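See structure below.
The values are calculated or read from the model by the stated rules, or taken from the named source; none is laboratory data. As the structure is a computational prediction, the values presented were derived from the model and not from experiment. Positions of Cβ are backbone-derived with ideal geometry, glycine not excepted, and every protein chain shown enters the neighbour counts. These area figures cover heavy atoms from the full protein model, side chains too; ligands, DNA and RNA do not enter into them. Shrake-Rupley method; radii C 1.70, N 1.55, O 1.52, S 1.80 Å.
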Amino acid sequence: MTKTLSEIWNEVDGCRLCRLCETRTTIVFGVGDPNAEVMFIGEAPGKQEDLGAEPFIGAAGKYLNTLLSHAGLKREEIYIANILKCRPPENRNPLPEEMEACTPFLRDQVQAINPEILVTLGNFSTRFILRTDRGITGLRGQVHLTGRFSVIPTFHPAAAIYDPSKKPFMEQDFVLLGRLLEKRRAEKAQRLVAEKCVQPAADEIRLPATEETSDECFS
Ligand code: SF4
């Protein structure tokens, strides 16, 4: 049975399933529109997020807000959560046992929000969602399919701040997201036309990117 976000939060609140509970300041559950079409999945809270209990509120968050404009989106229209709900010390990479302990919460969040599109930010969330060992550089720039979700992998905003040569690629990925959203919305409008016998609101919009299908399902 699908849990509500409130039920999931009640399970996460006070969680001590991995050792990150010993070093965290706060649990960073996730934030945004509970009915979002697009859900962003990052890696883990950083220092600012650990203090503020909200994902992507530091420099990477500001850059993410800029990127959203390339997709025609505002921050309040999306939902954002991380693979890990607690900050790893010194922002080190998540450990396999931490991901194993924490990702059931993320799965429940995805099911509760039921977005159409998942945007994975960086290697850890991309590998988890697409169930692949491939790196983000080879996966970005395309729409992937897993289960019922379209997935757009891109770099983590923090990686682009550290290495600005990644920024043009991230911008391309957000333009791709915007086009996919337009296409989905046009398809929905066409379905409404069929159901309600009203005039079409938009012509079909084509996506330039290749769609790649994963055999694995995220469920
Ligand atoms: S990272 Fe996840 S599993 Fe580990 S203590 Fe925090 S909420 Fe629990």
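Structure values in brief
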{"quantity": "Unique match (being more than 15 Å from the ligand (Cβ to nearest atom) and under 11 Å from the mean Cα position of the chain (by Cα)) among 120, 146", "calculated": "120"}
{"quantity": "Index of the failed condition, residue 148 passing every other in (1) open to solvent by less than 10 Å² (accessible area, probe 1.4 Å); (2) farther than 16 Å from residue 43 by Cα", "calculated": "(1)"}
{"quantity": "Residues of segment 94-116 classified as within 13 Å of the ligand (Cβ to nearest atom) and of a type in the set (S, T, N, Q), total", "calculated": "2"}
{"quantity": "Residues located in segment 15-65, provided they are of a type in the set (A, V, I, L, M), open to solvent by less than 20 Å² (accessible area, probe 1.4 Å), within 16 Å of the ligand (Cβ to nearest atom) and in a helix (DSSP H, G or I)", "calculated": "20"}
{"quantity": "Subset of segment 104-142 (residues that are among the hydroxyl-bearing types (Ser, Thr, Tyr) and open to solvent by 10 Å² or more (accessible area, probe 1.4 Å))", "calculated": "132, 137"}
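Every residue, every condition in (1) part of a helix (DSSP H, G or I); (2) out of contact with any strand residue (DSSP E or B) (no Cβ under 7 Å at 6 or more places or on another chain); (3) open to solvent by less than 50 Å² (accessible area, probe 1.4 Å); (4) at pLDDT 95 or above, yes or no:
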| residue | (1), (2), (3), (4) |
| --- | --- |
| 144 | no, no, yes, yes |
| 152 | no, no, yes, yes |
| 191 | yes, yes, no, no |
| 212 | no, no, no, no |
